[in-house]
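Written out below as structure tokens is the structure these notes cover.
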Amino acid sequence: MKKRLEFENICKTYSLGEVLIPALRDVNLSIAEGEFVAISGPSGSGKTTLLNLIGLIDKPTSGTIRFEENIISYNGSSKLHRLRQARIGFIFQSFNLIPVLNAFENVEYPLLLTTVSAQQRKKRVEEMLDEVGLLSLRAHKPRELSGGQRQRVAIARALVHQPKIVLADEPSANLDTQTAQDILQLMEKLNREENVSFIFSTHDPQIVKIAKRVVNIRDGRISN
């Protein structure tokens with residue numbers, strides 16, 4: 001399988017005053033196209049830091065990151081922004097929907113930042129809302145939707161621009177057990193059909209159980 005992302009000897013250290021706090025230590029990791037990966041570990045293990053680096057929203061202290069075989073340079077923020085916009089989707093624990101926009105508008109929002117025509121935007125948004133089973137609720141605002149429905153809108157928004165990697169930070173944390181199971185089955189289906197790499201940061205044993213690969217992290221190190 002084609003590699004989407006490669007980490008080589010990645011370290012990330014934060015400074016708290018004069019104290020240096022190592023968050024990641026010599027991490028080597030590769031993500032291939034179409035993978036369904038869970039990053040698992042206790043609180044403070046480095047899961048979120050690792051996810052932020054995979055999403056190119058944080059910069060490593062040392063080491064090399066390759067995205068689709070190209071070395072990531074952090075010198076040009078606009079170039080990185082365009083890469084994230086085109087290639088990476090994000091699903092947040094708290095959904096992060098815009099309250100004043102309805103479901104259609106929330107899903108459409110990432111496409112407004114691209115050159116996609118209005119006609120194509122409408123087509124793609126409707127396809128994604130249909131895919132997640134919410135086309136009939138397209139005019140509903142977040143406050144009119146259940147937690148599971150909001151998460152489905154968030155999934156549609158993450159996938160509408162056809163990214164290569166989708167990152168999900170504790171996507172089931174705010175959902176009841178049955179809704180979380182339904183959402184995971186939906187993600188698994190989209191993973192198969194869209195061939196998008198899904199990467200989860202999670203404590204949830206449901207996600208760990210259905211993941212095709214589990215990356216265990218503890219004290220900033222990946223253990224096999």
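Nothing in this text is a laboratory measurement; each read-out follows from the coordinates by a stated rule. Keep in mind that this is a model prediction, so the values were computed, not measured. Cβ sites come from the backbone with ideal geometry, for glycine too, and all protein chains shown count toward neighbours.
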Quiz item: Can you tell me which of Lys79, Lys47, Lys3 is among the basic types (Lys, Arg) and free of Cβ contacts under 8 Å to residues at least 60 places away in the same chain?
Solution: Lys79
Quiz item: How many residues, within segment 1-26, are part of a strand (DSSP E or B), out of contact with any helix residue (DSSP H, G or I) (no Cβ under 7 Å at 6 or more places or on another chain) and either of a type outside the set (Gly, Ala, Ser) or surrounded by 12 or more Cβ atoms within 10 Å (Cβ to Cβ) (or both)?
Solution: 16
Quiz item: Does at least one position in segment 153-176 carry a residue that is loosely packed, with under 15 Cβ neighbours inside 10 Å and farther than 25 Å from Arg66 by Cα?
Solution: yes
